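One structure below.
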Amino acid sequence: MKPDLTSFEPFEFERYAPGDDDISFDIHFCGMCHTDVHFVQNALGLPPDVFYPMVPGHELAGVVTGIGKNVKSFKIGDKIGVGCMVDSCLECSSCGEGYEQYCATGSTFTYGGMTTYGRSGEKGKPTRGGYSNKMVVHEKFAIKIPDSCTDLAKAAPLLCAGITMYEPLYEHNCLKGGKTVGIVGLGGLGGMGIKLAAKMGCKVIAFSTSPSKEVQAKEAGAETFVLTSDPKQLEAVKGTCDVILDTVSAGHELVPYLDALKTHGKHVLLGLADKPYEVPATAVLFGHKSVTASLIGGIKRTQEMMDFCCAKDVFPTVDIIKQEQIMGALKKLDEKNDQIKRFVVDCSTLG
Ligand code: NAP
Ligand code: ZN
């Protein structure tokens, strides 16, 4: 039977025994990414016998409880985060350049993955994520949450939503401001995209299918809100964006957004859409426009993003939920996140 969003139940398991390079920590909060919905529904079509039982969660924030003898950058009591990856080969050119997410032989996902390289437990075992109480991680894949951060519930979503938006803003030269950035799809990722781009000094145009999100989008820093069902509002922003970050979690038309790009503009796909996109040649030829994509971010950049967000007070709006609310929250995301917010599991309620 294919598991669905209502087939959750408590599951007891042991983390692997920590080695000399490992850090053990108590997970206090774990963000709920729309990818959790896709993975629970097995959107990638992985073999169910190794994929389930699945413990989702790749936005973990907690406090260190133990360190191995080689660990240099953490001590007991430090705040710590883990994002979407817990290992990669660390030998290929992508890993060498700080793009572990594009590891030539595949990075090990925090959950729904298989330990391959031996730094996330014995090889050939399934990885299990952050809707849980405790975690063990190799120092190389741990992110330091600065002491100044007093709210781990708000720091947790930075580990995926934050870095997923920071990375393409970095890649497309938005860090120093002065660009016009379109954000499409105003949920967990979209909300972080608005806040990050605005804090970097960019002008933000928020594109949404939900009229109710206009006030919140503007409070987050969007200068313009475009309701995508209104052709007049789309017409008004034609040719205005340097880069568009598209976080929509389902298939949709790209042409209205390609029209919103300036000459040389880039449309960056981030959502895990269930259908292929159609891109007419004329929509990209005239104006030298590109459709590209981006996947989370490497460890060094994730740390950079965490430091940026904590220093500049850039955090998501969160809705903290208990164990018994998990299935309902996943269902709400599946239908459509109705606010610009992230659900975050309070892991002290699990068990
Ligand atoms: P989310 O909170 O559920 O937000 C997705 C937004 O997409 C919704 O709020 C909605 O915004 C819009 N939307 C438009 N049509 C929709 C439809 N038919 N069904 C659902 N949503 C629709 O999701 P998220 O956590 O931000 O994640 C967004 C996507 O990015 C997911 O596919 C996720 O798997 C993917 N993701 C990718 C990466 C990466 O590295 N590339 C990392 C994390 C997540 P409006 O109401 O404003 O239209
Ligand atoms: Zn995610």
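State whether the range 225-265 is rounded, prolate or oblate according to the following rule on the C-alpha gyration tensor (a ≥ b ≥ c being the square roots of its eigenvalues): a/c under 1.5 gives rounded; otherwise a/b larger than b/c gives prolate, and the remaining case gives oblate. Oblate, because a/c is 1.5 or more while a/b does not exceed b/c. Here the Karplus relation 6.51 cos²θ - 1.76 cosθ + 1.60, evaluated at θ = phi - 60°, turns the backbone of the range 337-351 into coupling constants of 4, 8, 9, 7, 7, 10, 6, 10, 7, 7, 6, 6, 8, 7, x Hz, with x for every Gly and Pro. The phi-based Karplus calculation (6.51 cos²θ - 1.76 cosθ + 1.60; θ = phi - 60°) puts the 3J(HN,Hα) values of the range 309-325 at 5, 6, 5, 9, 6, 10, 9, x, 7, 10, 10, 7, 10, 9, 3, 5, 9 Hz, whole numbers, x for Gly and Pro. When each of the peptides 178-187, 221-230, 279-288, 160-169 is scored by the mean number of other C-beta atoms lying within 10 Å of its residues, the order from highest to lowest reads 160-169, 178-187, 221-230, 279-288.
Measuring nothing but how far apart in sequence close Cα pairs (under 8 Å, 6+ apart) lie, relative to its length, the chain scores a relative contact order of 19 percent. Per-residue accessible area for L175 at 1.4 Å probe radius, Å² rounded to 10? Its heavy atoms expose roughly 60 Å² to the probe.
In the context of the full set of protein chains, residues of the chain present 45 Å² of accessible surface per residue (probe radius 1.4 Å, heavy atoms only). Dividing the helix sum by the residues of the chain, where each DSSP H run of 4 or more adds -39500 (n - 2.57), gives a mean residue ellipticity at 222 nm of -6500 deg cm²/dmol.
Give the shape of the chain as rounded, prolate or oblate, defined through the alpha-carbon gyration tensor: a ≥ b ≥ c are the square roots of its eigenvalues, a/c under 1.5 means rounded, and otherwise the shape is prolate if a/b is larger than b/c and oblate if not. Since a/c reaches 1.5 and a/b is larger than b/c, the shape of the chain is classed as prolate.
Accessible area of the chain with a 1.4 Å probe: how many percent of it is carbon plus sulfur?
Of all accessible area on the chain, carbon and sulfur atoms account for 52 percent.
For K69 and K322, the difference between the fully extended length at 0.36 nm per residue and the C-alpha to C-alpha distance is 87.6 nm. At what distance in angstrom do the alpha carbon centres of the range 179-212 and the range 142-167 lie from each other? A separation of 18 Å, based on Cα centres. Comparing Cα centroids, the range 225-250 and the range 28-68 end up 32 angstrom apart.
The simple spin-label model puts a point 7 Å past each Cα toward its Cβ; for A250 and L285 those points are separated by 3.3 nm.
Amide H contacts for V345 (H built 1.01 Å from N in the peptide plane; partners 5 or more residues away or on another chain; cut-off under 5 Å): C30, G31, M32, I321.
A straight line joining the Cα centroids of the range 272-302 and the range 2-21 runs 33 Å. For the range 265-351, the list of GluC sites (Glu not before Pro) that fall in a loop by DSSP and count at most 15 other C-beta atoms within 10 angstrom reads E278. Taking every C-alpha pair closer than 8 Å and separated by at least 6 residues, the mean separation divided by the residue count of the range 116-245 gives a relative contact order of 20 percent. Using a Gaussian network model on the chain with a 10 Å cutoff between Cα atoms, which of A197, A273, A142 fluctuates the most? Per the Cα network of the chain with a 10 Å cutoff, A273 tops the list. Taking 0.36 nm per residue of separation and subtracting the Cα-Cα distance, full extension of the segment from T6 to E235 would add 78.3 nm. Residues in the range 293-321, backbone N under 16 Å from the label point at T150 (7 Å along the Cα-to-beta-carbon vector): list them, ranges by number please. In the range 293-321, the label zone of T150 (backbone N under 16 Å from the point 7 Å along Cα→Cβ) covers 310-315. Length gained on full extension, S348 to M114: 81.6 nm, using 0.36 nm per residue less the C-alpha separation. Scalar couplings 3J(HN,Hα) for the range 249-255, obtained by applying the Karplus form with A = 6.51, B = -1.76, C = 1.60 to θ = phi - 60°, are 8, 9, x, 6, 6, 9, 3 Hz; x denotes Gly and Pro. V215 to D274: FRET efficiency via 1/(1 + (r/R0)^6), r the Cβ-Cβ distance, R0 22 Å, to the nearest 0.05? FRET efficiency, V215 to D274: 0.15.
The values are calculated or read from the model by the stated rules, or taken from the named source; none is laboratory data. Not measured: the values here are computed from a predicted model. Every residue, glycine as well, gets a Cβ built from its backbone with ideal geometry; the counts of neighbours run over all protein chains shown. Keep in mind that these areas ignore ligands, DNA and RNA; they rest on the heavy atoms of the full protein, side chains included. Shrake-Rupley method; radii C 1.70, N 1.55, O 1.52, S 1.80 Å.
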